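In what follows, a structure is listed as structure tokens, so that the remarks can point back to it.
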Amino acid sequence: MSQSAELLRGEKIVKYFGGLAAVNGVDIVVRSGEIVGLIGPNGSGKTTLFNCLSRLLPIDSGRIFFKGRDITRARPYQVARMGLSRTFQVIRVYRKMTVLENMLISRQWRGETLLSMLKPSHPETERRARELLDFLKLSHLINEQAGNLSGGQRRLLEIGMALMPDPDLVLLDEATSGVNPTLIEEIKDHIRELNRTQGKAFLLIEHNINFIADLCERVYVLNYGQLLAHGTPHDIMENEAVIEAYFGA
Ligand SMILES: Nc1ncnc2c1ncn2[C@@H]1O[C@H](COP(=O)(O)OP(=O)(O)O)[C@@H](O)[C@H]1O
Ligand SMILES: [Mg+2]
């Protein structure tokens, strides 16, 4: 059986903050149609790795490829245009704007200038926004100010915003944190359905190990900026070094 094509490849990625190697020589691959987990204790470098991969941060060494193209020095909007979307650990919705407006802006944000964000949106864009909000069960909140949503609803909105440009790969940074158990199940179902029906790939930073175990075939574990382990959720949970990293003294 041939393996599906590589979407994202990070090779020996190194990122320093001053003297601290927040990411220290990490290799990571996400293939087309996969759901991959990225776990590790607090401060192990997960978010920094996301920031490197999505090109928000320049890296100190290593290379990054998306769909076979070298994006090591690409701008964030360029990789967004190529089909790589992301959310943020700290939710980034425009609180004073409505749910629909947030969705519309994120479509145009895909590589467009600030000026074009202010232009009226294309009817097709609005149709897509409404469809996605419907899919995410946020339709009833379409005209609500985003600042009035619950934490979980805002996470869903952020996922919707990341989906607006119809990406092939979505990086989700702690999509379940601050979310109640019912909504966590919904988010899980949405990810699974987007993966099954549209073939979208996901790379998930998660603290919720059950969430990872239910969705992912492969998991990467970071510790002190380095790859500690890589394998199936089952392998990872039985890995002595992983257990030590999480629960060790
Ligand atoms: N902008 C920054 N400036 C300096 N240090 C940072 C910055 N961002 C993260 N760090 C440090 O890098 C390490 C990795 O952080 P982070 O990637 O946020 O970890 P995680 O997402 O796994 O919790 C931590 O020690 C953190 O304090
Ligand atoms: Mg983080």
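Modelled with pLDDT under 95, aliphatic (A, V, I, L, M), within 16 Å of ligand 2 (Cβ to nearest atom) and within 30 Å of Ala213 (Cβ to Cβ): is that true of Val26 in this structure?
Numbers: modelled with pLDDT under 95: no; aliphatic (A, V, I, L, M): yes; within 16 Å of ligand 2 (Cβ to nearest atom): yes; within 30 Å of Ala213 (Cβ to Cβ): yes.
So Val26 does not fit the description; no.
Flag: Leu84 does not match the condition of being open to solvent by 40 Å² or more (accessible area, probe 1.4 Å) and over 19 Å from Val221 (Cα atoms).
Any chance region 75-92 includes a residue that's part of a loop (DSSP other than H, G, I, E, B), charged (D, E, K, R), more than 13 Å from ligand 2 (Cβ to nearest atom) and closer than 29 Å to Asp214 by Cα? The answer is yes, given that some residue of region 75-92 is part of a loop (DSSP other than H, G, I, E, B), charged (D, E, K, R), more than 13 Å from ligand 2 (Cβ to nearest atom) and closer than 29 Å to Asp214 by Cα.
For a quick check of your reading: which strands (runs of 3 or more DSSP E) sit entirely within region 141-249 and have at least 2 residues that are open to solvent by 10 Å² or more (accessible area, probe 1.4 Å) and at pLDDT 95 or above? I'd like the intermediate steps shown before the answer.
Working: elements: 169-173, 201-205, 218-223, 226-231.
Those strands (runs of 3 or more DSSP E) span 218-223, 226-231.
Within region 33-48, is even one residue free of Cβ contacts under 8 Å to residues at least 24 places away in the same chain, over 21 Å from Leu204 (Cα atoms) and either within 16 Å of ligand 1 (Cβ to nearest atom) or open to solvent by 20 Å² or more (accessible area, probe 1.4 Å) (or both)? No, region 33-48 has no match at all.
Of the residues that sit in region 1-18 and are of a type outside the set (A, V, I, L, M, F, W, C) and modelled with pLDDT of 95 or more, which one is least open to solvent (accessible area, probe 1.4 Å)?
In the first step, residues of region 1-18 are kept if they are of a type outside the set (A, V, I, L, M, F, W, C); the result is 2-4, 6, 9-12, 15-16, 18.
Okay, now just the ones that are also modelled with pLDDT of 95 or more, so 6, 9-12, 15-16, 18.
Numbers: Glu6: 73, Arg9: 70, Gly10: 1, Glu11: 60, Lys12: 121, Lys15: 20, Tyr16: 104, Gly18: 74 Å².
If we take residues in region 1-18 being of a type outside the set (A, V, I, L, M, F, W, C) and modelled with pLDDT of 95 or more, then Gly10 is least open to solvent (accessible area, probe 1.4 Å).
Return yes or no: is Thr98 of a type in the set (Val, Ile, Thr) and within 16 Å of ligand 2 (Cβ to nearest atom)? So Thr98 fails the test.
The values are calculated or read from the model by the stated rules, or taken from the named source; none is laboratory data. Small disclaimer: the values here were computed from a predicted structure and weren't measured. For neighbour counting, all protein chains shown are included, and Cβ atoms are generated from backbone atoms with ideal geometry for every residue, glycine included. Accessible surface areas use protein heavy atoms only, side chains included; no ligands, DNA or RNA. Shrake-Rupley method; radii C 1.70, N 1.55, O 1.52, S 1.80 Å.
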